[in-house]
Amino acid sequence: MIGQLLRSDFLKIRRKGFWLLTVIGPLGVVFMQTVNYGVRKDYLLKQSDDNWSYYLSNVNMFTPLALVLGIVILTSLMASVENETNAWKQLIALPVSKMTVYLSKFTVLAALLLVASLLLMLFTLGYGYYLDLGTDIPYIDVVKFSFYPYIAALPVLAIHLWIALVSKNQGVPVTTGVIGVILTYMSYNLPDWLIWKWPALMNGWVEPLTIVWLGIGFGVLLYLAGMLDFVRRDVT
Amino acid sequence: MLPVLFVGPAIALMTGLMSNIAAMETEMNAWYLLLQYMILPYALLFLPLMAGVLSGLICRYEHQAGGWKQFLSLPVTRGSVFTVKYLLLIATVFAIQLLFLGAVYLAGTVKEIADPFPMMIIWKSVLGGWIAIFPLVALQLWMSMFWKNFAAPFAVNVIFTLPSILAVNSETFGPYYPWGQPFLMMYTGGASESVFYVPWDQVLTVVGGSLVVFFAAGWTYFQRKSV
Amino acid sequence: MGYVIQTNHLVKQFGQEKAVDNISLAIPEGEVYGFLGPNGAGKTTTIRMLLGLMTSTSGSIHIFNQDLNKERIDILKHVGSLVENPSYYPHLTAEENLEVFRKVYGVPKSRIREVLGVVRLSDVAGKKVKAFSLGMKQRLGIAIALLHQPKLLILDEPTNGLDPSGIIEIRHLIKRLPDEFGMTVLISSHLLSEIDQIATSVGIISEGKMIFQDSIENLREHAQQNVVLRVSDSIAASQALLVRGVDAKNQDGRVYLHENSDDHVSQAIRMLVQDGYAVYRAEEEKRSLEDIFLAMTKGHAS
């Protein structure tokens, strides 16, 4: 049942810019560095002995922001696909459980963001090669910097999807999203328990790998909370 | 719409309260220090992004259930509808700026800043940030009229706003980047002998120029929009 | 012949207000059931509960003799619906819209061509729906509802906002469904004329309460007929009749006879002629269903 619904949801998001955003996000993150290194490559190479690590940390400066912004945009866009003609009343009258409907929406977005993370890895590597940062390529770190923020952002995805799918006025999720983005931007100064800080992977209290587990754990928890709330609501 | 006004000032207040200005050894008036802390997330991200959210909200009723049709069948010209919506938006942003000023004062009072409150210069910053947002509001109003949903105009907004994090650090590129202007015009470290914190010709060309382009484009689009 | 839909003392409460108050629907198989009531009477809320879009405050719903609370998914496999304005994805073509739902129902792809044919949209199958007229969108909505060959079709105000030719077209389509596809149809409307032309049984709802439920013939029998006489002096004539014990009323310069059997009418006319009144016309005045409907819902409101 979930398979059928997923195929249906992937068909619905055609021509709505979902895939475009999935490509633009990681492209933009690496593009920032093409500008950064394009303007002052010599200066940047002098900042560290390990050019690859330094480059990765530069890329990762924008990854959390792009992720959270992407989540805000994609969740709101996902809601607008059904809200535009109130297709909810047709969707929920299908012979599927409301839980499956919610799971399908979440899965589609989680898949898109996973693709974005994969692209981020490829773009990061590609531009890194081009910059000629040395032969000692830290592949493991490239993978970590590409996928850890994604997993750490799952709770953010869960909470923003929840808000977007139950809000009649999409101004609400987008405003909440702006707050989330600013929290991510200021994450350095913020308490570690804030989920918007996690994609930056700089919580002092734990290893990055622990944040990954926390991301999965709280992601599931917030997902369940959102789903249960969605299920008990009437479709008007 | 009202609670939305308080979001930014609240974020700024939070930033201000979290800052540790007492620990800074400096000759500078402590208010400036505080202001610079508070401006960073507020002017760099919040104001430009919020310009988009507000534009979306102001077009929301018209997008629902064919409201444009009803609205435009009233004896009003399309040009005046666009202009009134635009004026409402910048008035709203002005209110947010005043609340921000209040947040600065509140944060400073809580932090027990002893230095005199530099009224003149904070006004400069508040007014400057307000003016710098004019073109961005025009662009976002256009985008919000074009798209029914909130997400697409927001995506456009994000794509242009995010690079200003880098742009404002660049002396060559920054002054020409419209989305970086709210920060540059609010940032008290700028050229203080001018009317604003950025040179007068930068205000005229970059802010004024982009305002003319975005407003004209949005206005023209709305004239031709089929409802 | 069983009931396809049966609700038992169905209630939906929003805060203090009961939008649906104790409704017991009984819809026999193979009927076109007209669900009538003024706007805001609770039709849409009832329909939303039938589709599981809303949960009821109390009462039960059985569709195909299965409890909706327990076997919602099983039931919905055989229910097609169009609730209020049609739902569609404007950025997709008509064919893609149907494909979105086909994937979930798991019916063969050939059904898409078939239903597009039924609603006469085959020519525009590849066009984006946002370019469609309202009538075309409505027909697409019906195509979506028919896609999985449901045994029960629920249509909420399907002709709302359509032009007269669109209304006639949809009406013809709905009329065909029970015979051609063996469907039971529930169609709601606030216009009796609408229901009068397609329904075989009727339920009338007002302010959340069911005030009539029976076959359309029985509703028509409620249309009691008066006999109207045009006479030379209607005031005096009606008084003359009243004096002799005939239930007559003077109104708009005419005499209305409430008792309308042949005997009574001929007797009344004889009396008038004997008394020297001139009788110009004697005709039957039929109250339209619309009048009954209005009288019923108004009577209930006061």
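The values are calculated or read from the model by the stated rules, or taken from the named source; none is laboratory data. These numbers were taken from a predicted model, which means no experiment stands behind them. Cβ: placed from backbone, ideal geometry, glycine included. Neighbour counts: every protein chain shown. All accessible areas refer to the heavy atoms of the entire protein, side chains included, with ligands and DNA or RNA removed. Shrake-Rupley method; radii C 1.70, N 1.55, O 1.52, S 1.80 Å.
Rank A:THR107, A:THR85, B:THR161 by accessible area, highest first, at a 1.4 Å probe radius?
A:THR107, A:THR85, B:THR161
Taking every pair of alpha-carbon atoms in chain C, give the share separated by more than 30 Å as a whole percent. Intermediate values should be presented prior to the final figure.
Working: 20572 of 45451 pairs.
In whole percent, the share of Cα-Cα pairs in chain C beyond 30 Å is 45.
State the extension gain, in nm to one decimal, for the chain segment bounded by A:LYS168 and A:ASP50, taking 0.36 nm per residue of separation less the distance between their alpha-carbons.
This chain segment gains 37.5 nm when fully extended.
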Exercise. Could you tell me what fraction of 2.2 N^0.38 Å the Cα radius of gyration of region B:1-41 comes to, as a two-decimal ratio?
Key: 1.35
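Taking Cα pairs under 8 Å and at least six residues apart, what relative contact order does chain A come out at, in percent?
Working: 257 pairs, mean separation 66.2, N = 236.
Dividing the mean separation by the residue count of chain A yields 28 percent.
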Self-check item: Most to least accessible of B:LYS111, C:LYS130, A:LYS12 (protein chains only, probe 1.4 Å)
Solution: C:LYS130, B:LYS111, A:LYS12
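With Kirkwood's inverse mean 1/r over C-alpha pairs for Rh, give me the Rg to Rh ratio of region B:7-77, two decimals please. Could the numbers behind the result be given before it?
Details: Rg = 20.2 Å, Rh = 15.2 Å.
Rounded to two decimals, Rg/Rh equals 1.33.
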Quiz item: In terms of the ratio Rg/(2.2 N^0.38 Å) built on C-alpha atoms, what value belongs to the protein assembly as shown?
Solution: 1.24
Self-check item: Accessible surface, region A:2-232, averaged per residue in Å² (probe 1.4 Å)
Solution: 39 Å²
Exercise. Would you mind getting me the FRET efficiency between B:MET119 and B:LYS225? Use the beta-carbon distance for r and R0 = 56 Å, nearest 0.05.
Key: 0.80
Quiz item: Given labels modelled 7 Å from the Cα in the Cβ direction, how far is it in nm from B:PHE71 to C:LYS249?
Solution: 5.2 nm
Quiz item: Calculated FRET efficiency, A:VAL35 and A:LEU221, Cβ-Cβ r, R0 41 Å, to nearest 0.05?
Solution: 0.60
Quiz item: Over what distance in Å are the Cα centres of region C:5-32 and region C:175-199 separated?
Solution: 19 Å
Quiz item: When the accessible area of each residue in region B:143-181 is compared between its chain alone and the complete protein assembly (1.4 Å probe; ligands, DNA and RNA ignored), which residues differ by at least 50 Å², being lower in the assembly?
Solution: B:ASN149, B:PHE150, B:ALA151, B:PHE154, B:LEU162, B:ILE165, B:LEU166
Practice problem: Using packing as a proxy for protection, rank B:46-54, C:33-41 so that the peptide with the highest average count of other Cβ atoms within 10 Å comes first. | Solution: B:46-54, C:33-41
Quiz item: For B:MET18 and B:GLN64, what does the FRET efficiency come to when R0 = 30 Å and r is the distance between their Cβ atoms, rounded to the nearest 0.05?
Solution: 0.15
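Which entries in B:LYS85/C:LYS137; A:LYS105/C:LYS137; B:LYS69/C:LYS151; A:LYS98/B:LYS225 show an alpha-carbon gap greater than 28 Å?
On the way: B:LYS85/C:LYS137 32 Å; A:LYS105/C:LYS137 25 Å; B:LYS69/C:LYS151 39 Å; A:LYS98/B:LYS225 38 Å.
From B:LYS85/C:LYS137; A:LYS105/C:LYS137; B:LYS69/C:LYS151; A:LYS98/B:LYS225, over 28 Å: B:LYS85/C:LYS137; B:LYS69/C:LYS151; A:LYS98/B:LYS225.
Across peptide A:67-77, how many C-beta atoms of other chains are within 10 Å of each residue C-beta, on average?
Working: counts 0, 0, 9, 2, 0, 6, 9, 2, 1, 7, 6.
Mean number of neighbouring Cβ atoms from other chains: 4.
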Exercise. Please state, as a whole number in µm²/s, the translational diffusion coefficient that the Stokes-Einstein equation yields for region B:117-183 at 25 °C and 0.890 mPa s, with Rh defined as the Kirkwood radius across alpha carbon pairs.
Key: 185 µm²/s
Exercise. State the extension gain, in nm to one decimal, for the chain segment bounded by C:HIS172 and C:SER24, taking 0.36 nm per residue of separation less the distance between their alpha-carbons.
Key: 50.4 nm
Practice problem: Taking a cut-off of 28 Å between Cα atoms, list the lysines near A:LYS46, but don't count ones fewer than 8 places away on the same chain. | Solution: A:LYS144
Quiz prompt | Reciprocal of mean inverse Cα separation for region A:2-232 (Kirkwood radius, Å) | solution = 18.5 Å
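Could you sort C:SER165, C:SER215 by accessible area so the largest value comes first, with the probe set to 1.4 Å? Walk me through the numbers on the way to the answer.
Numbers: C:SER165 80, C:SER215 30 Å².
Descending order: C:SER165, C:SER215.
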Quiz item: Does any residue of region C:47-69 lose at least 50 Å² of accessible area with all protein chains in place compared with its chain alone, and if so which ones (probe 1.4 Å)?
Solution: C:ARG48, C:LEU53
Exercise. Round to the nearest 10 and give me the degree value, 0 to 90, for the angle of helix B:151-161's Cα axis relative to the longest principal axis of chain B.
Key: 40 degrees
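With Cβ to Cβ distances under 14 Å as the rule, what net charge do the other residues near C:HIS172 carry (K, R +1; D, E -1)? Could the numbers behind the result be given before it?
Details: positive: C:ARG120, C:ARG139, C:ARG171, C:LYS175, C:ARG176; negative: C:GLU169, C:ASP179, C:GLU180, C:GLU194.
Surrounding charge for C:HIS172 is +1.
Measure off, as a whole percent, the carbon and sulfur share of the 1.4 Å-probe accessible area of region A:2-232, all protein chains present. Provide the component values of the computation, followed by the final result.
Details: 6190 of 9050 Å².
Carbon plus sulfur share of accessible area: 68 percent.
Counting only complete DSSP H runs, which helices of chain C cover 24 Å or more along their long axis at the Cα atoms and score a mean Kyte-Doolittle of -1.0 or above?
Values: long enough: C:164-181 (25 Å, -0.14).
Membrane-span-like by this criterion, though nothing is claimed about a membrane: C:164-181.
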Quiz item: Between region B:90-145 and region A:156-185, how many Å separate their Cα centres?
Solution: 24 Å
Quiz prompt | Inter-probe distance in nm under a simple model that places probes 7 Å from Cα toward Cβ, at C:VAL279 and C:ALA236 | solution = 1.8 nm
Quiz prompt | Inter-chain shielding of B:203-209 (mean C-beta neighbours from other protein chains, 10 Å cut-off) | solution = 0
